[in-house]
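J.: The structure that follows is given in the form of C-alpha cells.
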Amino acid sequence: MSGPARLRAAAVLAMLRCMKHVVNHDLDPETARRVTDKAFSSYKDRFADYNPTLNWSSEKRAEVGFSAKGIQLKGAFELSPGKIEMDLDVPFLLRPFKGKAIEVIDQEIKRWIGEAKAGRL
C-alpha cells in the first residue's frame, strides 16, 4: 500500500473508532460546565469500576478517560454555544457497548440540564 493510501486507510479507521455525541442545550457557558461536571460525577459514582477521570484542560475542554475490560479509553468533552460534545475513541473490542455508553452519558447530561433549569444545580 502506498503512502497516501495508507494515510487514507488510517484516517478511515480513526473515524470508525471515534464516537461523537452532541447534547444540545440553552444554558450559559458556566452552567453548561457545571452540568458537565455534575453529569460526569454522577457517572463516576455509578460506574466506579471503570475508573472514570475528567480533567479540564481549558475553560471549554475536558479530557476524559475510562478503563473497561483492561482497555484504556480516552476522549474529551467540548463545550460550545448551545452544545456539549463528547468524543471518545472506542477500540474495536468495545464497540458493542458504544450504544449503551452514549445512552448513559446522554441521560446524565440531560438530567443535569433539567436540574439546572429547575434551579437545583
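J.: Gly75: touching a strand residue (DSSP E or B) at 6+ places or on another chain (Cβ under 9 Å), touching a residue at least 40 places away in the same chain (Cβ under 8 Å) and open to solvent by less than 80 Å² (accessible area, probe 1.4 Å), yes or no?
T.: Yes.
Here's the yes/no breakdown for (1) modelled with pLDDT of 90 or more; (2) surrounded by 14 or more Cβ atoms within 10 Å (Cβ to Cβ); (3) touching a Leu at 6+ places or on another chain (Cβ under 7 Å); (4) at negative phi:
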{"position": "Leu54", "(1), (2), (3), (4)": "yes, yes, no, yes"}
{"position": "Ser67", "(1), (2), (3), (4)": "no, no, no, yes"}
{"position": "Ile71", "(1), (2), (3), (4)": "no, no, yes, yes"}
{"position": "Ser80", "(1), (2), (3), (4)": "yes, no, no, yes"}
{"position": "Ala116", "(1), (2), (3), (4)": "yes, yes, yes, yes"}
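J.: Could you grab the pairs with beta carbons closer than 8 Å, sequence gap of 6+ or different chains, first residue in the stretch 96-121 and small (Gly, Ala, Ser), second one modelled with pLDDT of 95 or more and surrounded by 14 or more Cβ atoms within 10 Å (Cβ to Cβ)?
T.: Ala116/Leu27; Ala116/Thr31; Ala116/Arg34; Ala116/Val35
The values are calculated or read from the model by the stated rules, or taken from the named source; none is laboratory data. What you are looking at is a predicted structure, and each value in this text was computed from that prediction instead of being measured. Here the Cβ is made from the backbone with ideal geometry for all residues, glycine too, and neighbour counts use every protein chain on show. Accessible surface areas use protein heavy atoms only, side chains included; no ligands, DNA or RNA. Shrake-Rupley method; radii C 1.70, N 1.55, O 1.52, S 1.80 Å.
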